[in-house]
Amino acid sequence: MSSLHKSRIADFQDVLKEPSIVLEKLRELSFSGIPCEGGLRCLCWKILLNYLPLERASWTSILAKQRGLYSQFLREMIIQPGIAKANMGVSREDVTFEDHPLNPNPDSRWNTYFKDNEVLLQIDKDVRRLCPDISFFQRATEYPCLLILDPQNEFETLRKRVEQTTLKSQTVARNRSGVTNMSSPHKNNAPPALNEYEVLPNGCEAHWEVVERILFIYAKLNPGIAYVQGMNEIVGPLYYTFATDPNSEWKEHAEADTFFCFTNLMAEIRDNFIKSLDDSQCGITYKMEKVYSTLKDKDVELYLKLQEQNIKPQFFAFRWLTLLLSQEFLLPDVIRIWDSLFADDNRFDFLLLVCCAMLILIREQLLEGDFTVNMRLLQDYPITDVCQILQKAKELQDSK
């Protein structure tokens, strides 16, 4: 470890040990990258995403309260529906019309259960192929959810629920990708079939199952948006970061902490996932156009070239912006980009500048290329040095 890196760690520790953390100082340090040693990144992200307050004294009580609340969500939205299903007409002869699975009433418990299954199947399909370039999400977690995997009760897990349902996942059409694919060409590894995954022993669960639970509960608590394909790519890096925390006391609660940080992050970016808002000032179309208007200010020659070739921002910037660049780079690089995004006061304005920087850094290739070559470049971005991209974005920000 270099003396410079040790010095940066010490700087973070000094800021974080203050009784009242100075957010401006923490943002300034975090913008240049947060060390992972000692769980610093996990802690900083929780503060930057407004999960932990700046007053250190309140952390213990807030964490206990939020983690308790998450356990309550598990009971109400996963355990209780499973118990209710087991009790509703499976072994009873006195089934009422209200309890019958074919009851057409939209408010019936069965109807709710079946609608939830449709959402669950889409989530399940997406989380099983999360970050295919690493094995982490297929491995067993050290901290399975004992509340659900209680050997005394045999509660229905989401995995069992998916395996038992006869619904087809094709009935769920919540893809927001429009004219472009959500996953980039170099990550488009087809996932194994459902039964090809290694079956974990009873009492164990894979990390992808934890992510599935987080997304399912989010969908239940936010029916206006529910689940939209791509949310799995947002929650993945958050959960990975918290679930690999070197501090075991924090790592044990990675699921609950991820849920609340994801919820806070989604509160800021959820408009990107709502189709009816696409053309509003808070929608994704406006943000994509903003990338081009910024490019026009910074590099008019490149802007005119892309316009001349009729390369619309929807063809590439939709995925860049909606998924916070999580599909364009390998996971460690995505996490580094997110350090800067979360640290910036206007973090999603900075994301527009990062996208603009990505275009400018390959300007020579874009100026020389035809439509097909340029589309390939933008769909499978060639630069892997994210520090170079962030540095260019910062230059663009400072030159305003």
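The values are calculated or read from the model by the stated rules, or taken from the named source; none is laboratory data. These numbers were taken from a predicted model, which means no experiment stands behind them. Here the Cβ positions follow ideal geometry from the backbone for every residue, glycine too, while neighbour counts run over all protein chains shown. Surface areas here come from the heavy atoms of the whole protein model, side chains and all, with no ligands, DNA or RNA. Shrake-Rupley method; radii C 1.70, N 1.55, O 1.52, S 1.80 Å.
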Quickly work out the Leu23-to-Phe348 label distance, labels modelled 7 Å from Cα along the C-beta direction, and quote it in nm with one decimal. 1.7 nm
Can you run phi through the Karplus equation (6.51, -1.76, 1.60; θ = phi - 60°) for the range 141-150 and list ³J(HN,Hα) in whole Hz, with x for Gly and Pro? 6, 6, 10, x, 6, 5, 4, 8, 8, 6
Through the Karplus equation 6.51 cos²θ - 1.76 cosθ + 1.60, θ set to phi - 60°, convert the phi angles of the range 15-29 into ³J(HN,Hα) values in whole Hz; use x for Gly and Pro. 5, 7, 8, 5, x, 10, 6, 8, 4, 4, 5, 5, 4, 4, 5
Each residue of the range 254-261 in order: what ³J(HN,Hα) in whole Hz does its phi give by Karplus 6.51 cos²θ - 1.76 cosθ + 1.60, θ = phi - 60°, with x for Gly and Pro? 4, 5, 5, 5, 4, 4, 6, 5
Kindly flag which residue pairs out of Lys65/Lys251; Lys6/Lys46; Lys46/Lys296; Lys287/Lys394; Lys125/Lys220 have an alpha-carbon separation exceeding 24 Å in this structure. Lys46/Lys296
Dimensionless Rg/Rh of the range 275-399 - Kirkwood Rh, Rg from C-alpha atoms: 0.93
With every protein chain left in place and a probe of 1.4 Å, what is the accessible surface of Lys305, to the nearest 10 Å²? 40 Å²
In the range 275-399 the accessible area split gives carbon plus sulfur, as whole percent at 1.4 Å, a share of 49 percent
Rounded to whole Å², per residue accessible area for the range 203-352 with a 1.4 Å probe reads 33 Å²
Thr384 accessible area, assembled protein chains, probe 1.4 Å, Å²: 110 Å²
To the nearest 20 debye, the range 275-399 has a Cα-centred charge dipole, built from +1 on Lys and Arg Cβ and -1 on Asp and Glu Cβ, of 260 debye
Leaving ligands, DNA and RNA out of it, rank Ser20, Ser3, Ser30 by accessible area with a 1.4 Å probe, largest first. Ser3, Ser20, Ser30
